[in-house]
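Reviewing the structure listed below.
The values are calculated or read from the model by the stated rules, or taken from the named source; none is laboratory data. Worth saying up front: this structure is predicted, and the values here are computed from it rather than measured. Heads up, the Cβs are rebuilt from the backbone with ideal geometry, glycines too, and the neighbour counts pull from every protein chain shown. Note: areas computed on protein heavy atoms with side chains; ligands, DNA, RNA excluded. Shrake-Rupley method; radii C 1.70, N 1.55, O 1.52, S 1.80 Å.
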Amino acid sequence: QVQLVESGGGLVQAGGSLRLSCAASGSIFSINFMGWYRQAPGKQRELVATKAIGGNTAYADSVKGRFTISRDNAENTVVLQMNSLKPEDTAVYYCTALVGGRIYWGLGTQVTVTS
């Protein structure tokens, strides 16, 4: 089993910044990628950003230029730096990891951006 624990969510005004962190622990043999998804009320869960073990990154168009994903392979952590936040970024943010061919999810952390 793999556990993912997120931290860093909260309440911020539009234009502000937040930093989300996720630490993976447990039966970790090889993490292929780690990343972040989000789900706003009444909407489907959507990709925010992912980073593969080889370094390739992917971002949703809506966050490009504002969010940056980074990863510490040795520590099995992934960080999402979110700048210039907008009210439409309000959602529960979930950490995800692909380990041994299986997808794991964290419990999520709430991000609320007020106008």
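Candidates in the stretch 1-34 are the residues that are in contact (Cβ under 8 Å) with a residue 40 or more places away in the chain and on the phi > 0 side of the Ramachandran plot; of these, the one that is surrounded by the fewest Cβ atoms within 10 Å (Cβ to Cβ) is G15. Of the residues that sit in the stretch 60-75 and are open to solvent by 40 Å² or more (accessible area, probe 1.4 Å) and under 20 Å from V99 (Cα atoms), which one is modelled with the highest pLDDT? So, considering only residues that are open to solvent by 40 Å² or more (accessible area, probe 1.4 Å) and under 20 Å from V99 (Cα atoms), the one modelled with the highest pLDDT is S70. Is it true that some residue in the stretch 82-98 is of a type in the set (S, T, Y), open to solvent by less than 10 Å² (accessible area, probe 1.4 Å) and either in a strand (DSSP E or B) or out of contact with any Lys or Arg (no Cβ under 9 Å at 6 or more places or on another chain) (or both)? Yes: one or more hits. Restricting attention to the stretch 30-44, the residues being closer than 14 Å to G106 by Cα and of a type in the set (G, A, S) number 1. Looking across the stretch 88-102, the residues that are at pLDDT 95 or above and farther than 15 Å from G9 by Cβ come down to E88, T96.
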